[in-house]
Amino acid sequence: MALTLDALKNITSIEDLRLLAHRKVPRDFLDYYESGSYAEETLAANRQALSQIKFRQRVLAGADNRELNATMLGQPVALPVAIAPIGMMGMAHRDGEIHACRAAQAAGVPYTLSTMSICSIEDVAAAASKPFWFQLYIMRDKGFIRALIERAKAAKCSALVLTVDLQVLGQRHRDVKNGLTVPPQARLSTMLRIAAKPGWALGVLGGKRKTFGNLAGHISGADGIVSLSKWTAEQFDQALSWQDVEWVQKQWDGPLIIKGIADVGDAKLAAKSGASAIVVSNHGGRQLDGAPGAITQLPGIADAVGSDIEILFDSGIRSGQDVMRALALGARGCLIGRAPLYGLGAAGEAGVAKALDIIRRELDVTMALTGVKRVADIDRRVLAD
Ligand SMILES: Cc1cc2nc3c(=O)[nH]c(=O)nc-3n(C[C@H](O)[C@H](O)[C@H](O)COP(=O)(O)O)c2cc1C
């Protein structure tokens, strides 16, 4: 622990956590975490579009005693942020999803467990102090999906996040070249790269969870070793439609969040579907390459459906300033993917806590310098013309 805290002493930004994670985690997994699809145009556009949004500096506005607490899905949160679902998060650190969930809950923000996590729903539920959100991908085997929803209910998950933008997999070139497989399987070339990160090997390979905790032994075809793209093509349901959303809603009694909306027309359909919230997202630039930066889609969607359905945002958030930008353009909160993932790779649970703390402090200062005291008061007036 002392070593971890020492490593975090000079960390002042999410970028610092990213660089530290790069020193610790083997390349095959870093490539999986960092990559966008194809030419990575959308991955880059997500960041560019956010940084083009400028603030309006306000002074002498008496912005003391700021409050960063907010609500998401009607529940109080300490910060308008949630950890996004990340497949294979548990390959960044031993028992990674458990650590990320604990750090999120200690910071008072929601944690979302991916269908494609390394630790299972039951593993995380046993270690968590509060309910967490569960993210669902719809696969062809509806019996398995029904069982997964039942497992999420039994684990007392407080929301179901239905991801709708990955019925086919956008190709990430480096994953193909590295031979990333399901379950993760080390080839000789991978082994050599792993040998360069002995601390990671001792931690992750020495742990007991190394494959997809929610799938292993439950879904036919998940037991062999196949490439991620082949496996997704076989398992994921390409015929996914709004009827499936309805079907999922019938199985799940709690709040449903539809993740992966990037179009006003789709947002209107989502608002009519009875879901509690949408996540405006392009999957962190990992799916449709050539799509615009996700933040450029947010104002139009907020104008169209903001009074009908709660709007969350993700894709490219790396700072409290970015959270402020999304809130100003109509989001009630942001999901963050790579930011806590870097923290996890850098320093486990303490690293995720650090990522959340960095974002919290940045949001706080940005509120002060734009003259805003409460999260609920953040709107387009904080932006420069
Ligand atoms: C390595 C990685 C794995 C991901 N796995 C999932 C997943 O299993 N389910 C899902 O709905 N989204 C997944 N996403 C997308 C994230 O939930 C989120 O939309 C995205 O990371 C947000 O962009 P950001 O990383 O720039 O914050 C993944 C993203 C990354 C980077």
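For the reader, a short list of remarks on this structure follows.
- Spread of Cα-to-Cα distances over 10 Å intervals beginning at zero, given as percent, for segment 283-328: 24, 53, 23
- Separation between Cα centres of segment 67-104 and segment 308-385, rounded to whole Å: 13 Å
- Evaluated over the Cα positions of segment 73-133, the convex hull gives a direction-averaged projected area, one quarter of its surface, of 3.8 nm².
- Proximal lysines to Lys142, defined as alpha-carbon separation beneath 23 angstrom and excluding residues fewer than eight positions away on the same chain: Lys153, Lys156, Lys230, Lys250, Lys259
- Relative contact order (percent, whole number), segment 112-233, Cα cutoff 8 Å, 6+ residue spacing: 34 percent
- Under 5 Å between amide hydrogens, built in the peptide plane, is the criterion, and for Lys259 it picks out Leu162, Thr163, Val164, Val279 among residues at least 5 positions away or on other chains.
- Under Karplus coefficients 6.51, -1.76 and 1.60, residue-wise ³J(HN,Hα) of segment 177-182 in Hz, glycine/proline x: 5, 6, x, 5, 10, 10
- Computed over the chain: relative contact order in percent, which uses C-alpha pairs under 8 Å that are six or more apart: 29 percent
- Label-reachable residues, segment 101-123, where backbone N falls under 18 Å from a point 7 Å from Gln251's Cα toward its Cβ: 113-117, 120-122
- Top of Ser13, Ser189, Ser315 by mean-square fluctuation, Gaussian network on the chain, Cα under 10 Å: Ser189
- Amide H contacts of Leu335 (H built 1.01 Å from N, in plane; Pro and chain starts excluded): Ala82, Phe313, Asp314 sit under 5 Å, all sequence-distant by 5 or more or on other chains.
- Over all directions, the projected convex hull of the C-alpha atoms in segment 190-334 averages 12.1 nm² in area.
- Cleavage-rule hits (trypsin sites (Lys or Arg not before Pro)) in segment 1-66: DSSP loop, at most 13 neighbouring Cβ within 10 angstrom: Lys9, Lys54
- Binning the alpha carbon pair distances of the chain at 10 angstrom intervals from zero yields the distribution 5, 24, 36, 26, 8, 1, 0, expressed in whole percent.
- Helical content alone sets the calculated 222 nm signal of the chain at -12500 deg cm²/dmol, taking -39,500 (n - 2.57) per DSSP H segment of four or more residues and averaging over every residue.
- Cα-based shape type of segment 237-317, given that a ≥ b ≥ c are square roots of the gyration tensor eigenvalues and the cut on a/c is 1.5: oblate
- Evaluated at q = 0.13, 0.25 Å⁻¹: base-10 log I(q)/I(0), Debye formula over Cα of segment 133-177: -0.40, -0.89
- Calculated over segment 295-366: convex hull of Cα atoms, volume per residue (Å³): 74 Å³
- Here segment 1-129 yields Rg over Rh of 1.01, to two decimals, using C-alpha coordinates and the Kirkwood radius.
- Residues with amide H under 5 Å from that of Phe55, placed H, sequence gap 5 or more: Ala384
- Here's the picture: a label point sits 7 Å out from the Cα of Arg56 along the beta-carbon direction, and within segment 371-385 the residues with their amide nitrogen under 13 Å of it are 371-372, 378-385.
- Kirkwood hydrodynamic radius computed over segment 106-232 comes to 16.2 Å, based on all pairs of distinct alpha carbons.
- Rounded to the nearest 20 debye, the dipole magnitude of the chain is 760 debye, with +1 charges on Lys and Arg beta carbons, -1 on Asp and Glu beta carbons, and the Cα centre as origin.
- Table column - 3J(HN,Hα) (Hz), segment 153-169, Karplus curve with 6.51, -1.76, 1.60, x for Gly and Pro: 5, 4, 7, 6, 4, 8, 7, 10, 9, 8, 8, 10, 10, 9, 7, 10, 9
Read-outs: derived from the displayed coordinates by stated rules, not from any lab. Bear in mind that the values here come from a model prediction, so they are computed numbers and not experimental data. When we count neighbours, we look across all protein chains shown, and the Cβ atoms used for this are built from the backbone with ideal geometry, even at glycine.
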